[in-house]
Structures are given as C-alpha cells and as structure tokens.
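Visitor: One structure is given below, represented as structure tokens, and several questions about it will come after.
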Amino acid sequence: MAYVRDDEKRTEYVLENGVVVRADEEVKEMDMPIMTGFTNEEVRQHTAEQLAKLDAELLHSISEIRPNVSSKNANYIKLYMTDGNEVRANAKTLASKLQYYPEMAEQVKNEQKKKGIFNLEVGEYFESYKKK
C-alpha cells in the first residue's frame, strides 16, 4: 500500500491493515507513496486502510504522506501529490474525499493555472500557493 522510513532511514512496507513489514532488500524504485513522520500508530493504520480503497491511478498520484502536525486533530494528514499540489485530509475519510481530487485539480488547473493546497479535512476548498 505504501512505504515508510524507519528511524535508521530504512524503507519498510506498510500493508493494507497498517502493519509495517521490513523490506528484505533496499527499495530502489518507489512505486507507492511514502509515509513519513507517523508516530501515532492508529493514524498510520487509518491512513493505510484508506489508501487500500483508492484505485491504482489515484494511489500512484500520491508522492508522500505526513501527519499534519500544525493541526490540533491527530487524524489530519498532508499528502504531497506528483502534480505539485498538496492535499490536506482526515485519515479516517481519506478515500471518500480524495476520489474527487483528480476532477478538482483539473478544474483548478484549467481555471486558475495555479498549484496549491486542496483542503478536504471538513469541506472542500482550494488555496493557491501564491497569495495575491
């Protein structure tokens, strides 16, 4: 489902149920998102379970996932997308909200031609990286 780096910077696999399994050999090609900074086991597990519900194309559009440490809600996460945008979401509702991301990103790209943050934590809104 995803990769995670341990404290010694080794890459490990995160299974659909959130269990972490050490890789037998060094991972040379990252074909899944990498999860970094997760100290809360429950949030990592919720995130992995939600990632398992995504279609392959959407899963591969996620580069990195981190906890949103600036939020008071421990379930809020940040996703860094391969298209240069960032998504902020709730780990518990990630799959149901993220399914709309490709359409929303395409609409913003066509209308505003900007990259930015798609906030899907509660509602859905876009905030450009470049503020006026």
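Visitor: What are the residue pairs meeting all of these: first residue in region 47-61, first residue assigned to a loop (DSSP other than H, G, I, E, B), second residue modelled with pLDDT under 95 and not β-branched (Val, Ile, Thr), Cβ atoms under 6 Å, and 6 or more apart or on different chains?
Guide: Ala52/Met1; Ala52/Glu16
Visitor: Is there a residue in region 52-59 that is in contact with a strand residue (DSSP E or B) (Cβ under 6 Å, 6 or more places away or on another chain), surrounded by fewer than 17 Cβ atoms within 10 Å (Cβ to Cβ) and over 20 Å from Ser128 (Cα atoms)? Walk me through it before giving the result.
Guide: So the first thing to find is which residues in region 52-59 are in contact with a strand residue (DSSP E or B) (Cβ under 6 Å, 6 or more places away or on another chain), and the list is none.
No, because not a single residue in region 52-59 is in contact with a strand residue (DSSP E or B) (Cβ under 6 Å, 6 or more places away or on another chain), surrounded by fewer than 17 Cβ atoms within 10 Å (Cβ to Cβ) and over 20 Å from Ser128 (Cα atoms).
Visitor: Going by the conditions given, is Val108 surrounded by fewer than 18 Cβ atoms within 10 Å (Cβ to Cβ), at negative phi, in contact with a strand residue (DSSP E or B) (Cβ under 6 Å, 6 or more places away or on another chain) and without any contact (Cβ under 8 Å) to a residue 12 or more places away in the chain? Reasoning before the result, please.
Guide: Numbers: surrounded by fewer than 18 Cβ atoms within 10 Å (Cβ to Cβ): yes; at negative phi: yes; in contact with a strand residue (DSSP E or B) (Cβ under 6 Å, 6 or more places away or on another chain): yes; without any contact (Cβ under 8 Å) to a residue 12 or more places away in the chain: no.
No.
Visitor: Still on this structure, I have one more. Being assigned to a loop (DSSP other than H, G, I, E, B) and exposed (fewer than 13 other Cβ atoms within 10 Å of the Cβ) is true for just one of Val21, Val69. Which residue is that? Please lay out each step first, then the result.
Guide: Numbers: Val21 fails: assigned to a loop (DSSP other than H, G, I, E, B).
So the residue among Val21, Val69 that is assigned to a loop (DSSP other than H, G, I, E, B) and exposed (fewer than 13 other Cβ atoms within 10 Å of the Cβ) is Val69.
Visitor: Pick from Ile77, Ile34: which is of a type outside the set (Gly, Ala, Ser), modelled with pLDDT under 90, under 21 Å from Val14 (Cβ atoms) and within 14 Å of the chain's Cα centre (by Cα)? Lay out the reasoning, then the answer.
Guide: Numbers: Ile77 fails: modelled with pLDDT under 90.
None of the others qualify; the one that does is Ile34.
Visitor: Something else about it: Taking the stated definitions as given, is Gly84 small (Gly, Ala, Ser) and either surrounded by fewer than 18 Cβ atoms within 10 Å (Cβ to Cβ) or out of contact with any helix residue (DSSP H, G or I) (no Cβ under 8 Å at 6 or more places or on another chain) (or both)?
Guide: yes
Visitor: Now for a different question. Would you mention how many residues in region 98-132 are under 12 Å from the mean Cα position of the chain (by Cα) and either among the small types (Gly, Ala, Ser) or part of a helix (DSSP H, G or I) (or both)?
Guide: 2
Visitor: Does Ala89 qualify as being closer than 16 Å to Lys53 by Cα, in a strand (DSSP E or B) and at pLDDT 95 or above? Before the answer, list the steps.
Guide: Values: closer than 16 Å to Lys53 by Cα: yes; in a strand (DSSP E or B): yes; at pLDDT 95 or above: yes.
Here the answer is yes, as Ala89 does meet what is asked.
The values are calculated or read from the model by the stated rules, or taken from the named source; none is laboratory data. Because the structure is predicted, anything quoted here is derived from the model rather than measured. No Cβ is skipped: glycine too gets one built from the backbone with ideal geometry, and neighbour counts run over all protein chains shown.
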